[in-house]
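Taking it in order: structure first as structure tokens, then the write-up.
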Amino acid sequence: MNGIPLVDLLVQHVQIAEEVEDGFVEVLLAGDFIGGKAVSAFEQEYAEFVGVRSCIGMANGTDALEMALRAVRVGRGDEVIVPANTFIATAEAVIRAGARPVLVDVDDDALLIDPARVAAAVTARTRAVIPVHLYGQVAPVEQLPPELAERGVVVIEDGAQSQGATRFGRSAGSLGALAATSFYPGKNLGAYGDAGAVTTDDEALATRVRLLGSHGSPSKYLHTQVGFNSRLDTLQAVVLRAKLRRLAGWNEQRRAAARVYDRLLEGVPAIRRPVTLPGNKHVWHLYVVRVPERDEMLRQLNAEGIGAGVHYPVPVHLTPAMSWLAEGPGSFPVSERAAGQILSLPLFPGITPAQQERVVEVIRTALDRRTA
Ligand SMILES: Cc1ncc(COP(=O)(O)O)c(C=O)c1O
């Protein structure tokens, strides 16, 4: 068996190649490059998929987070609560909007924002909280403290890793005042370059996001505020439309693959398997196990051609650009411990049980070597 990548995007591409080529040709011939027909069609289809009134295409997920924050007028002097275990972009967007990220630790089972810790982090300056639906499952947003709503604190979801996930039947992207998502190529719904979106049920907020992303311009050459250039590219919208039609099926394949790993790893006590919170329909953006001496395990998997990875090896507050957000090691023990143990195993629509058996065989051999 050849190597097994962490993600195999080609498996998806071959299924949509013809549709994408036809769509590209249509855009090229029409010269419909900026804000083209495919963009509005995708926005409508994605809003329907999520179950909200509006979707605004953006250039990438980080911009989407920033525009969502700016749309609710988060800015200088404000605080935004963010989990310490996330991709740096969540905190980055807060800083770019002019506010301060206030980090909180995650729960030790699902590694998602811990609602109890959110309550302890709220101050008079708190304006928003960003639950991150990490690895493909929705954070327990309904458990966030009721005082958030009383204080007017806005919930903005970071749904970059959760397209198609639901919690008690409600879709990721429809649970906060606004939600941001990323269509980075490796995401469950991935473009062929950078892309992202904001979703919301609030039409006034949707209008503000759209304005912010298009030079503060409600109509050509009228600029009512200083904005940004952050638009979903028309060619990317062509790809996203083709993939969105298949997303539910692909997510189903991810769930089946996760069940295969669950079964294969059941008898491997050194491996801590991922936990799905009750009420969640997981879409397995990543299958993240925990294992002691992770780096050595990762090295051995990679040496055998298995593209395992780590998401993420350094919690936000220990990364040099963000070290000013906390007091160093020991600040967020659950995130810090997890960062040393988490290991993402290859998982993508189309991965075969034989490939998964091979991954687990290498894991078992590496563990046997330890005890030998
Ligand atoms: C949790 C999370 N938030 C935000 C982002 C930022 O998205 P992008 O890379 O499209 O800017 C990503 C993905 O890269 C992510 O995984």
How large a share of the accessible area of the chain, in percent, is made up of carbon and sulfur atoms when the probe is 1.4 Å and the other protein chains stay in place?
53
For region 36-135, give the share of DSSP beta bridges that are antiparallel, in percent and rounded to the nearest 5; count only bridges with both residues there.
10
Give the Debye-formula value of log10 I(q)/I(0) at each listed q (0.10 Å⁻¹), with one equal scatterer per alpha carbon of region 23-172, two decimals each.
-0.39
Using only alpha carbon pairs under 8 Å that are at least six residues apart, calculate the relative contact order of region 184-234 and give it in whole percent.
25
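Can you count the Lys pairs in the chain with C-alpha separation below 19 Å, eight or more apart or on different chains?
Step by step, the pairs that qualify in the chain add up to 4.
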With the 1.4 Å probe rolled over protein heavy atoms, region 39-188 has an accessible area per residue in Å² of 33
State in Å² the accessible area per residue of region 189-239; use a 1.4 Å probe, count heavy atoms of protein chains only, and round to the nearest integer.
47
Cut-off of 10 Å, at most 11 other beta carbons, DSSP loop: longest stretch of the chain lacking such GluC sites (Glu not before Pro):
1-265
Taking a quarter of the surface of the convex hull around the Cα atoms of the chain, what do you get in nm²?
19.0
Would you compute, from DSSP H runs of 4+ residues alone, the mean residue ellipticity of the chain at 222 nm, taking -39500 (n - 2.57) per run and dividing by the full residue count, rounded to the nearest 500?
-12500 deg cm²/dmol
Could you check what % of the DSSP bridge pairs in the chain are antiparallel, to the nearest 5?
60
C-alpha center-to-center spacing [region 252-266, region 102-123] in angstrom:
28
Heavy-atom surface of region 246-323, accessible at 1.4 Å and reported per residue (Å²)
43
The computed P(r) of region 197-318 puts the percent of Cα pairs beyond 24 Å at 56
Which Rg and Dmax, in Å, describe the Cα atoms of region 254-372?
15.4, 46
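The values are calculated or read from the model by the stated rules, or taken from the named source; none is laboratory data. Model, not experiment: these values are computed from the prediction. Virtual Cβ from ideal backbone geometry, glycine too; neighbours counted across all protein chains shown. Surface areas here come from the heavy atoms of the whole protein model, side chains and all, with no ligands, DNA or RNA. Shrake-Rupley method; radii C 1.70, N 1.55, O 1.52, S 1.80 Å.
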